[in-house]
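One structure below.
The values are calculated or read from the model by the stated rules, or taken from the named source; none is laboratory data. All figures in this text were calculated on a predicted structure; none of them were measured in a lab. Ideal geometry is used to build each Cβ from the backbone, glycine not excepted, and the neighbour counts take in all protein chains shown.
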Amino acid sequence: MTPQAVIFDRRGTLALTLTDRQWAAAALERAGRDATPQAVRAVVDRLQDSDLDADLHRRTFDAVLAEEGFDDTLAQVL
């Protein structure tokens, strides 16, 4: 059987294996930051709920991260 389509669920709109705290901690670590409980909480507190439109989600997410003062390195890995 040959696949007809592939779904990429980058942020976990359809399935999420990490909690928000685990996801934020992993992003901080990938950005070379310490994933202290305070840093993880700060990231989680600043994030908005995801949506189902990928383009709208990316634009909204980028705007939220910029408004909240996230630098480009951390924003990319989030």
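Quick check, is Thr73 polar (S, T, N, Q), part of a helix (DSSP H, G or I), out of contact with any Phe, Trp or Tyr (no Cβ under 8 Å at 6 or more places or on another chain) and touching a residue at least 40 places away in the same chain (Cβ under 8 Å)? Please lay out each step first, then the result.
Working: polar (S, T, N, Q): yes; part of a helix (DSSP H, G or I): yes; out of contact with any Phe, Trp or Tyr (no Cβ under 8 Å at 6 or more places or on another chain): yes; touching a residue at least 40 places away in the same chain (Cβ under 8 Å): yes.
Spelling it out, Thr73 is indeed polar (S, T, N, Q), part of a helix (DSSP H, G or I), out of contact with any Phe, Trp or Tyr (no Cβ under 8 Å at 6 or more places or on another chain) and touching a residue at least 40 places away in the same chain (Cβ under 8 Å).
For (1) surrounded by 12 or more Cβ atoms within 10 Å (Cβ to Cβ); (2) closer than 18 Å to Phe8 by Cα; (3) touching a Ser or Thr at 6+ places or on another chain (Cβ under 7 Å); (4) among the aromatic types (Phe, Trp, Tyr), each residue gets a yes or a no:
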position	(1), (2), (3), (4)
Trp23	yes, yes, no, yes
Asp34	no, no, no, no
Arg59	no, yes, no, no
Val64	yes, no, no, no
Glu67	no, no, no, no
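Name every residue in segment 13-46 that is under 13 Å from the mean Cα position of the chain (by Cα), in a loop (DSSP other than H, G, I, E, B) and either modelled with pLDDT of 80 or more or within 15 Å of Val77 (Cβ to Cβ) (or both), in order of residue number.
Within segment 13-46, Leu18, Thr19, Ala31 qualify.
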